[in-house]
1. Name the residues in segment A:49-74 that are of a type in the set (D, E, K, R) and either more than 9 Å from chain B (Cβ to nearest Cβ) or surrounded by fewer than 18 Cβ atoms within 10 Å (Cβ to Cβ) (or both), would you?
2. I'd like the residue in segment B:27-48 that is in contact (Cβ under 8 Å) with a residue 24 or more places away in the chain and under 27 Å from residue A:41 (Cα atoms) and, out of all such residues, is nearest to the other protein chains (Cβ to nearest Cβ).
3. I'd like to know if segment A:93-101 contains one or more residues that are touching a residue at least 60 places away in the same chain (Cβ under 8 Å), closer than 30 Å to residue A:163 by Cα and small (Gly, Ala, Ser).
4. Would it be correct to say that residue A:82 is charged (D, E, K, R) and either surrounded by 14 or more Cβ atoms within 10 Å (Cβ to Cβ) or in contact (Cβ under 8 Å) with a residue 24 or more places away in the chain (or both)?
5. Quick check on this structure: which one of B:17, B:51 is touching a residue at least 60 places away in the same chain (Cβ under 8 Å), under 22 Å from the mean Cα position of the chain (by Cα) and more than 8 Å from chain A (Cβ to nearest Cβ)?
6. Does residue A:20 satisfy the condition of being within 11 Å of another protein chain (Cβ to nearest Cβ) and either among the acidic types (Asp, Glu) or out of contact with any Phe, Trp or Tyr (no Cβ under 7 Å at 6 or more places or on another chain) (or both)?
7. Taking only segment A:89-130 into account, find how many residues are of a type in the set (A, V, I, L, M), assigned to a strand (DSSP E or B) and touching a Gly at 6+ places or on another chain (Cβ under 8 Å).
Amino acid sequence: MTGSIGRRGFIAGASALFLGACNKVAESEAGQSLFHAAQGWHKAAHRALADRMALAREYPRSAISPFFRGNGSLTVDSDFYRAQLTNGFADWRLEVRGLVKTPLSLSMEQLRALPQRTQVTRHDCVEGWSAIGEWTGPQLSTLLDLAEVEERAQFIVFRCADTYAGRKYYESVDLLDAMHPQTIVAHMLNGEPLPEKNGAPLRMRIERQLGYKHAKYVTAIEAVASLEGIGEGKGGYWEDRSGYQWYAGI
Amino acid sequence: MKKKHALTTRLWHWINLVCVVVLFMSGLTISNAHRYLYWGDWGFAPEQAWLAVPRFPGWMTIPGHYNLAVARDWHVLMAWPFAVGLLVMWVAMLVNGHFWRDLRTTRTEWRPAAVWHDVVQHAKLNFEHSGGKFNFLQKLAYGVVLGVFLPGMVLTGLAISPGFEPAAPWLVDVLGGRQSARSLHFLFAWGLCGFALVHVALVLLSGPVRQVRDMITGGTA
């Protein structure tokens, strides 16, 4: 038996040494910039290999999952939100602001009156699971064109009503993903108004990236030149809080 | 003097070892993030799963505690030297003749009697074999690893990336959907782990000092 304990001790010791070395690398400045660079290589490769406007896969309606899992924030903890839930979001406004020539403040009715896109797509969570749903809403490009985004804008930031673990949720994408035809502001899931747990009344669909980019309970869309000064500057809730990759196409 | 192992083989062997270890251990952290595997395009709950994966303890994972962001940082980084290295190794094997000379099997080697003979010799721990550099079982193992498991890791990994899928949707189709690709990614990873255990055991049984030295210096043919 001593042999086996010794062997186990050896493996545990080797593992501890190796993990310690990995931590040293991961926490170093060089390690951090390598991680950041590798993420950029994936983004560049994805965008070089496929057309920049290439569509994420769309499924027939028959492929829709039996129900659509809610994750992260499942509601917004405010009296205003609870009141809006019961009156069909009659007073909800979506602002389009920041580096735009014509700031907008749109009601749900106005959003529904715009040209709509309906798409059955797969939602991939960073944790690994997938669900398929049918989403409907105006394309983000329609809103950005209406508001006339200025030349110097580089990113589009999504402001949200929800807080998760005490912090405001937000997300951001670059203009390439913002102008992608499948990037929509969804107000319907599977032909019904968006359920509370899935981000009612409005959530983003960023179909070529993982789920944490798909901001829920959206209140404003902001064109900015830089992500600095927004949240902690890393471009999103999970990016700030846990160091998730800003490019979530991997 | 002719070397037993070509320089490209030796370089790749050790670089690949580091890549595979880091990818495997950071992959176990990613597995801990959602411990269910599915077939087809979608799946998000235990009742749809074909396998509930055990939670892997900290000494098996990178980092040593649960942190999905850091695990993904390692996975995303090491995927590059792993995939590029494999491509370079394949080109080198085809060009320098290693593949045609040492790894390709012949029809006679597949005869049941010949295979049985190889199995018996392995069981007797008799590693002396005449003729080629590798016996049939070695060729088979290295062939499956180089031709199926390693490229399988790269292809299934690409198929799981939502940003890559628009470039080659056919790849996801061939693999049977994104969740099938994820399941295969997991199975190939454990296939590699199984190979590594047998590989190390056989090295230990067949003169480990000489074997490791030759994989560093090249040895003599």
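1. Passing the criteria: A:51, A:52, A:58, A:61, A:69.
2. The first filter runs over segment B:27-48 and keeps only residues in contact (Cβ under 8 Å) with a residue 24 or more places away in the chain, leaving B:27-33, B:37-43.
Those still in the list that are under 27 Å from residue A:41 (Cα atoms) too: B:27-33, B:41.
Numbers: B:27: 11, B:28: 12, B:29: 11, B:30: 7, B:31: 8, B:32: 9, B:33: 4, B:41: 6 Å.
Checking each candidate, the answer is B:33.
3. The initial filter retains those residues of segment A:93-101 that are touching a residue at least 60 places away in the same chain (Cβ under 8 Å), namely A:93-100.
Right, trim to closer than 30 Å to residue A:163 by Cα and you get A:93-100.
Right, trim to small (Gly, Ala, Ser) and you get A:98.
So far as segment A:93-101 goes, yes, one or more of its residues are touching a residue at least 60 places away in the same chain (Cβ under 8 Å), closer than 30 Å to residue A:163 by Cα and small (Gly, Ala, Ser).
4. Details: charged (D, E, K, R): yes; either surrounded by 14 or more Cβ atoms within 10 Å (Cβ to Cβ) or in contact (Cβ under 8 Å) with a residue 24 or more places away in the chain (or both): no.
No.
5. Every option except B:51 fails the conditions.
6. Numbers: within 11 Å of another protein chain (Cβ to nearest Cβ): yes; either among the acidic types (Asp, Glu) or out of contact with any Phe, Trp or Tyr (no Cβ under 7 Å at 6 or more places or on another chain) (or both): yes.
Yes, satisfied.
7. Within segment A:89-130, the subset of a type in the set (A, V, I, L, M) is A:90, A:94, A:96, A:99-100, A:104, A:106, A:108, A:111, A:113-114, A:120, A:126.
Next cut, assigned to a strand (DSSP E or B) only: A:94, A:96, A:100, A:104, A:106, A:120.
Checking the rest, the ones that are also touching a Gly at 6+ places or on another chain (Cβ under 8 Å) come to A:120.
So the count comes out to 1.
Let's see how each residue does on (1) in contact (Cβ under 8 Å) with a residue 24 or more places away in the chain; (2) in contact with a helix residue (DSSP H, G or I) (Cβ under 9 Å, 6 or more places away or on another chain); (3) closer than 30 Å to residue A:174 by Cβ:
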position: B:111; (1), (2), (3): no, no, no
position: B:135; (1), (2), (3): no, yes, no
position: B:158; (1), (2), (3): no, yes, yes
position: B:172; (1), (2), (3): no, yes, yes
position: B:175; (1), (2), (3): no, yes, yes
position: B:180; (1), (2), (3): yes, yes, no
position: B:186; (1), (2), (3): yes, yes, no
position: B:204; (1), (2), (3): no, yes, no
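The values are calculated or read from the model by the stated rules, or taken from the named source; none is laboratory data. Since we're looking at a predicted model, the values are computed, not measured. Neighbour counts run over all protein chains shown; Cβ positions are idealised from the backbone, glycine included.
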